[in-house]
Amino acid sequence: MLANYHVAVLTKALGQYFSPGALQEIVAANLGQDSPFNLLRSVIHFDNSLITEGLAYIEEQHSLIVHAEDPHVMRAAFGRLSHTAQDFYSHSNYVDLWLKANGGLEKTRYEDINGLDLAILDHPDLRTAYFYIWRDWIYYIPLLANVTRKYLVFPNSHEAMHLDSPDRGPRFPYSIVAAKQRTLAEHHRAVQNLSAARARLFHGL
């Protein structure tokens, strides 16, 4: 998911819960996951079908939220896990599987998607895109990108599967709605594990 859509999802999902300053800390940590150093960390983007590992990473960040005394550390952890959770829907075939189970684009609206559908989350065909720098750099070279993205797209590659932006077609808004739902669910889970006083600190209130 491109940075501006991560920001939009966070703002729409969490703006009512956090102070402006606290929300900015979460946004900064979320966007930091796309730093040059982190781009090759497949786990934090749910790439290379590392679904179990990606879920474990989210668990690690939730543990930091529970045990951290510093609210800045708590917000940074939530920002990191929210990026990973959001990327799941833009880097996987979750939307495709949900559409197949619910009648396709013709019989659904993007507002209808359930990003927490256990049948899809446990689906045997659920997978995420593969990204290999030794191969996929060809999609990011200006003189090559237009040609390679049209004529040389590897099956199951990030280029073949991703829903990072609206130019990917009508499935993109489904992934955004699902990412917002998951962000809200992760926030609810984080708050449930905190005392009322620590939740206020977490929210910057």
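The values are calculated or read from the model by the stated rules, or taken from the named source; none is laboratory data. What you are looking at is a predicted structure, and each value in this text was computed from that prediction instead of being measured. Neighbour counts run over all protein chains shown; Cβ positions are idealised from the backbone, glycine included.
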(request) Would you be able to tell me the number of residues in the range 107-153 that are out of contact with any Pro (no Cβ under 8 Å at 6 or more places or on another chain), in contact (Cβ under 8 Å) with a residue 40 or more places away in the chain and part of a helix (DSSP H, G or I)? (result) 2
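Matching residues to (1) under 29 Å from Leu205 (Cβ atoms); (2) among the aromatic types (Phe, Trp, Tyr); (3) surrounded by fewer than 13 Cβ atoms within 10 Å (Cβ to Cβ):
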position	(1), (2), (3)
Pro20	yes, no, yes
Leu31	yes, no, no
Asp34	yes, no, no
Phe37	no, yes, yes
Ile58	yes, no, no
Asp70	yes, no, yes
Leu81	yes, no, no
(message) Name the single residue that is farthest from Ser92 (Cα to Cα) among those in the range 115-172 being of a type in the set (Phe, Trp, Tyr) and surrounded by 14 or more Cβ atoms within 10 Å (Cβ to Cβ).
(response) Tyr139
(message) Could you list, ordered by first residue, the pairs with Cβ atoms under 7 Å in which the first is in the range 9-21 and within 19 Å of Pro71 (Cβ to Cβ) and polar (S, T, N, Q) and the second is surrounded by 13 or more Cβ atoms within 10 Å (Cβ to Cβ) and at pLDDT 95 or above, at least 6 apart or interchain?
(response) Ser19/His203; Ser19/Gly204
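Filtering the range 93-106 down to residues that are touching a helix residue (DSSP H, G or I) at 6+ places or on another chain (Cβ under 9 Å) and part of a loop (DSSP other than H, G, I, E, B), which residue is surrounded by the most Cβ atoms within 10 Å (Cβ to Cβ)?
Within the range 93-106, the first condition is being touching a helix residue (DSSP H, G or I) at 6+ places or on another chain (Cβ under 9 Å), and the residues that meet it are 93-99, 101-102, 105.
Filter once more, keeping what is part of a loop (DSSP other than H, G, I, E, B): 93, 102, 105.
Working: Asn93: 20, Asn102: 15, Leu105: 13.
Among residues in the range 93-106 that are touching a helix residue (DSSP H, G or I) at 6+ places or on another chain (Cβ under 9 Å) and part of a loop (DSSP other than H, G, I, E, B), the one surrounded by the most Cβ atoms within 10 Å (Cβ to Cβ) is Asn93.
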(message) Looking at the range 45-56 only, could you name the residues that are out of contact with any Asp or Glu (no Cβ under 9 Å at 6 or more places or on another chain) and either buried (at least 23 other Cβ atoms within 10 Å of the Cβ) or not aliphatic (A, V, I, L, M) (or both)?
(response) Asn48, Ser49, Thr52, Glu53
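Does Tyr89 satisfy the criteria of being without any contact (Cβ under 8 Å) to a residue 40 or more places away in the chain and either at positive phi or aromatic (Phe, Trp, Tyr) (or both)?
Working: without any contact (Cβ under 8 Å) to a residue 40 or more places away in the chain: no; either at positive phi or aromatic (Phe, Trp, Tyr) (or both): yes.
Spelling it out, it is not the case that Tyr89 is without any contact (Cβ under 8 Å) to a residue 40 or more places away in the chain and either at positive phi or aromatic (Phe, Trp, Tyr) (or both).
Yes or no: Leu163 in contact (Cβ under 8 Å) with a residue 24 or more places away in the chain, more than 15 Å from the chain's Cα centre (by Cα) and not in a helix (DSSP H, G or I)? Give the steps one after another, and end with the answer.
Values: in contact (Cβ under 8 Å) with a residue 24 or more places away in the chain: yes; more than 15 Å from the chain's Cα centre (by Cα): no; not in a helix (DSSP H, G or I): yes.
Taking the combined requirement at face value, the residue does not satisfy it.
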